[in-house]
Amino acid sequence: MKTQIRSAFISDVHLGTSACQAQYLLDFLEACQMEYLYLVGDIIDLLHMRRRVNFTPLHEQVVEKVMALAREGTRVIYIPGNHDALMRRFCGQMVAGIEIHRNRVHYCADGRRFFVSHGDEFDSALHAGVFWYVVGDFSHTLLLRLNTILNGMRRLLNLPYWSLAGFLKKRIGKANRFIRRFETIAARQAQELKYDGFICGHIHQSGMRRIDGVLYCNDGDWVEHCTALVEANDGQFELVHWADHKEVLIRESDLVEEWVAIPQTN
């Protein structure tokens with residue numbers, strides 16, 4: 001029996017890289033029946049594939065499954081990110097039954113309107129160079145490789161999936177401040193555009209916060225955390241973790257209102 005949901009939002013899959021947790025994503029797509037599937041950027045890592053290609057048969061199965069969902073009636077909407085930015089040239093077109101857009105407005109079952117984009121448009125405002133100087137692109141790649149090795153060992157010991165990169169990121173003060181600033185700026189953008197909320201990815205940090213009267217949702221990633229944002233048939237959102245164990249991380253109904261100033265990153 002498939003899990004019935006209205007909408008699913010996934011991003012930062014990074015197909016074509018060794019860090020992609022393709023099997024868990026495939027399990028998620030096969031387990032759920034949905035009206036809408038939003039691919040919120042960095043689905044295929046074309047940027048990484050310029051240097052090295054790790055596009056395995058399992059990655060092909062993920063692509064085939066998404067195309068099958070489109071054929072079977074799911075409305076699939078692809079919003080390219082910075083790692084698959086080459087696909088932005090096809091915005092406004094439909095390819096293999098998949099709509100491609102720069103951004104999109106999602107209408108929830110309860111009538112609310114959410115602005116959906118990858119999130120990389122905030123990089124310049126966030127001075128992202130400072131963040132990546134702290135975390136380091138090379139260091140992040142190394143962490144993801146260690147994460148893959150570690151979880152291979154954990155599977156042999158029958159231990160559940162655990163994100164090393166995510167664990168360390170939460171303990172870096174500047175990374176936390178960057179994430180908080182990103183969340184607040186995204187929420188303010190939705191507020192200025194008169195939307196009920198903002199849905200994005202990009203920062204590999206899933207989250208859901210009610211900020212200054214709007215709902216910020218980040219669907220996370222499929223290289224570190226294996227998370228998706230799902231909309232139930234009543235229009236309410238949940239953030240789910242989907243690996244060798246399944247877990248609802250956050251329910252919209254459990255959130256409290258926050259009134260915040262935009263934090264500094266330095």
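The table that follows gives values for the structure above.
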{"read-out": "Contact order relative to length of the range 3-258, as percent, for alpha carbon pairs under 8 angstrom and 6 or more apart", "value": "22"}
{"read-out": "Built amide H within the under 5 Å cut-off of I211, gap 5+", "value": "Y216, E258"}
{"read-out": "Mean Cα-pair separation over length for the range 11-84, i.e. relative contact order, pairs under 8 Å, 6 or more apart, %", "value": "46"}
{"read-out": "Whole-Hz ³J(HN,Hα) from phi, Karplus 6.51 cos²θ - 1.76 cosθ + 1.60, for the range 18-33, glycine and proline x", "value": "6, 7, 5, 8, 5, 5, 5, 5, 4, 4, 4, 5, 6, 8, 10, 10"}
{"read-out": "Under 18 Å from the Cα of K246 - aspartates and glutamates, other chains or at least 8 residues apart", "value": "D27, E30, D219, D221, E224, E231, E238"}
{"read-out": "Under the Karplus curve 6.51 cos²θ - 1.76 cosθ + 1.60, θ = phi - 60°, whole-Hz ³J(HN,Hα) for the range 80-97, x wherever Gly or Pro sits", "value": "x, x, 6, 8, 10, 4, 4, 6, 5, 5, 9, 4, x, 10, 10, 10, 6, x"}
{"read-out": "Nonlocal amide H pairs with A109, under 5 Å, H built at 1.01 Å", "value": "G235"}
{"read-out": "Amide hydrogen neighbours beyond the local backbone of H83, cut-off 5 Å, H modeled", "value": "D42"}
{"read-out": "Vicinal HN-Hα couplings computed from phi for the range 37-44 (Karplus, 6.51 cos²θ - 1.76 cosθ + 1.60; Hz; Gly/Pro x)", "value": "10, 9, 9, 9, x, 6, 7, 10"}
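No value in this document is a laboratory result; all are computed from the given coordinates. This one's a predicted model, so the numbers in the text were calculated from it and none came from an experiment.
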